[in-house]
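Each remark here refers to the structure printed beneath this line.
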Amino acid sequence: MQNKDIKRLTLILLFAPFALWILLLIILPHIGMVVLSLKEKVAPRVYEYSFANYLDFLHEPIYWNTLLRTGSMSLLVTALALLIGFPIAYYIAKIAGPRARGGLFLLCLIPLWVSDLIRSFGWILLLRETGVISNFLLWTGLIGQPVEFLYNDAAVIVGLVYTVILFMIVPLVSTLDGMDNSMIEAGYNLGGNGFTVLRRIIIPYAMPGIVAGCIVTFMLSAGSYLTPILLGGKNSSWFTEQIYNQFITRFNWEGGAAFGMLLLLFTSIVIWLGLKLSGQTLANTVAKS
Amino acid sequence: MLAQKKTSPFLLGYRLYVVAFFIFLAAPLISAGAFAFNDSLFPALPWQGFTLDWFFSDTEPKLGMFHDRRLLQGLYYSFVIAIFVAALSVFVGTTNAFLFVRGEFPGKNFFYIMMVVPLVIPGVILGISILVLASDTANYLEDTIDLELEFLRPGILLVVLGQFSFIATITSLVITARLKKFDETMEEAAFNLGASRARVLRTITLPFLRPAMIAAGIVAFLVSFENFNTTLFLVGSEAPLTITMYDRMAKVGSTPVLNAVSFVLMVGSGLLALLSILIQRDKSAQ
């Protein structure tokens, strides 16, 4: 009997930090944000509950265009990260020798330990008009005068793919690593060519890793703030920038909270659709990587 | 195995692709670091010769980072914040690991998913939601019982809480993975030899978890140090380094002193990452 009490007490003591964390820092703040987003300022310090902030969003094409643009560009970034990252992950997990494997994997992780700011700063120094690439092309004679590679959508996409690709490669390597090589060989022995083996054996096996990578990359890309602003300049029109403007520049917290909810809803729907379409769950993808 | 089956031009092309990819990964980091040593007022080509001025010079216009008070202050605040976040995240990560590996309670799967969720919420949203709740609470207390709680206003505490809110997920996952590998017969053996519960925890279970706890702490420290999105909304007058650097970039434009800071940060986090790898390797040798 006493033993049972101790067990129960331990459980409660272990549950307390978890409950405080999730309740105070995740659930309550989000409820607070929903409540705030439903308030409308009708007079100084007088508020009414309404959907005004959400209607503002719908009535102003700039707002929902920005959200759609953020979403579609993030999907593009996710697709590119998968296309570029998959061969790399496959090489690390299956083709490289056992000694090279660890080294290559670590090389992949290095940019992870450098802040977003420094990565974008590096890209600025490479891409701008007086930057390294422009100078290099001048030197080779391919271009006659300095070219500005910065402040356009391509620069934003390159920067975002660079920032998120590691989160694609890491889960892919860990799922591909667990795959038995004889499965691939069996595919070849049964007469499959490289493409069939990839499509029928490797990709289905790697699906949890692919989904985990895509979820994290999409979320990071849609939620990023620094890279689009620094590399895209004034016209980057990223949705997080709108949230920042509402909150800090215009001090319209109600509007900012509504925008935040919209971004959260939007990314959640995309992630939920991705999970449904691929038949995976959050627990066996993101939690495992 | 598989490699031999494919024709060798294909493999050669594949290798070239991998090499090109790593050049892509390294290029911006090299350019961010290398210009710290260029003896010029701008971080751009042409190369004007080697200098350490951007680190140690104490005169304008080439004020080195170790004499730049605002940058040093940012470094200090980042350090303080990262230490608190790491300590808090490792503590909660450890209790969470025990909760989810050892505990049996209704709704365990649901709560496990709740634990993972902070990782898929955009950092900006975490920042503003915590800002909103803290300000609402502070305003409410001020209006009703005239109590002014300064720590609920943007500042170090809110930055620590904001970063902790998602970094705790990372540490929980790392430590949970390690605890799952624990052989419970070791604990039973100790109990049979007459050890108390606290003693078993101290001498058997926690030493087993230590490598994962240290590695999780290092990861938490680094993620906190480099965080920008969540911090941006919660920062008060004590700005950590990433915010200071961003301000400098926005106001002054890119100057080589930022390259010097980048270089120092890259070397520092590289060393920490190496340390965490060595600790992990120790673990697999045991």
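Would you tally the residues in segment A:135-157 being out of contact with any helix residue (DSSP H, G or I) (no Cβ under 6 Å at 6 or more places or on another chain) and either at the interface with another protein chain (Cβ under 9 Å from one of its Cβ atoms) or exposed (fewer than 15 other Cβ atoms within 10 Å of the Cβ) (or both)? Going through segment A:135-157 one residue at a time, the tally reaches 10. Are any of the residues in segment B:34-49 at pLDDT 85 or above and polar (S, T, N, Q)? Looking through segment B:34-49, none of the residues is at pLDDT 85 or above and polar (S, T, N, Q). Number of residues in segment A:225-252 that are within 15 Å of A:S72 (Cβ to Cβ) and not in a helix (DSSP H, G or I) equals 2.
Taking segment B:15-41 as the range and being assigned to a helix (DSSP H, G or I), of a type outside the set (A, V, I, L, M) and surrounded by 17 or more Cβ atoms within 10 Å (Cβ to Cβ) as the test, the residues that pass are B:F21, B:P28, B:S31, B:G33, B:F35, B:F37. The helices (runs of 4 or more DSSP H) located wholly in segment A:8-104 that include 3 or more residues which are among the aromatic types (F, W, Y) occupy A:61-90. Highlighted here are the helices (runs of 4 or more DSSP H) found entirely within segment B:179-257 that include at least 3 residues which are within 14 Å of chain A (Cβ to nearest Cβ) and touching a helix residue (DSSP H, G or I) at 6+ places or on another chain (Cβ under 8 Å): B:206-226, B:229-234, B:241-251.
Suppose the filter is more than 30 Å from A:D180 (Cβ to Cβ) and either within 12 Å of chain B (Cβ to nearest Cβ) or within 22 Å of the chain's Cα centre (by Cα) (or both); does A:L83 pass it?
No; evaluated as a whole, the condition is false for this residue.
Take the residues of segment B:142-155 that are in a helix (DSSP H, G or I) and in contact with a helix residue (DSSP H, G or I) (Cβ under 6 Å, 6 or more places away or on another chain): which is nearest to the other protein chains (Cβ to nearest Cβ)? Once the filter is applied, the top-ranked residue is B:L152. From the residues in segment A:99-116 that are touching a residue at least 24 places away in the same chain (Cβ under 8 Å) and over 14 Å from B:S31 (Cβ atoms), which one is farthest from the other protein chains (Cβ to nearest Cβ)? Residue satisfying both the conditions and the ranking: A:F105.
Are any residues in segment B:258-274 more than 11 Å from chain A (Cβ to nearest Cβ) and under 17 Å from the mean Cα position of the chain (by Cα), and if so, which ones? If the condition is that a residue be more than 11 Å from chain A (Cβ to nearest Cβ) and under 17 Å from the mean Cα position of the chain (by Cα), then no residue fits.
Every residue in segment A:8-46 that is surrounded by fewer than 16 Cβ atoms within 10 Å (Cβ to Cβ), more than 31 Å from the chain's Cα centre (by Cα) and free of Cβ contacts under 8 Å to residues at least 60 places away in the same chain, please. The answer is A:R8, A:L9, A:T10, A:I12, A:L13, A:V42, A:A43, A:P44, A:R45, A:V46. Restricting segment B:119-137 to residues that are more than 7 Å from chain A (Cβ to nearest Cβ) and more than 17 Å from B:T169 (Cα to Cα), the residue that is surrounded by the fewest Cβ atoms within 10 Å (Cβ to Cβ) is B:T137.
The values are calculated or read from the model by the stated rules, or taken from the named source; none is laboratory data. Values in this document were obtained by computation on a predicted structure and should not be read as measured data. Methodologically, a virtual Cβ is constructed for each residue, glycine included, from the backbone with ideal geometry; neighbour enumeration extends over all protein chains shown.
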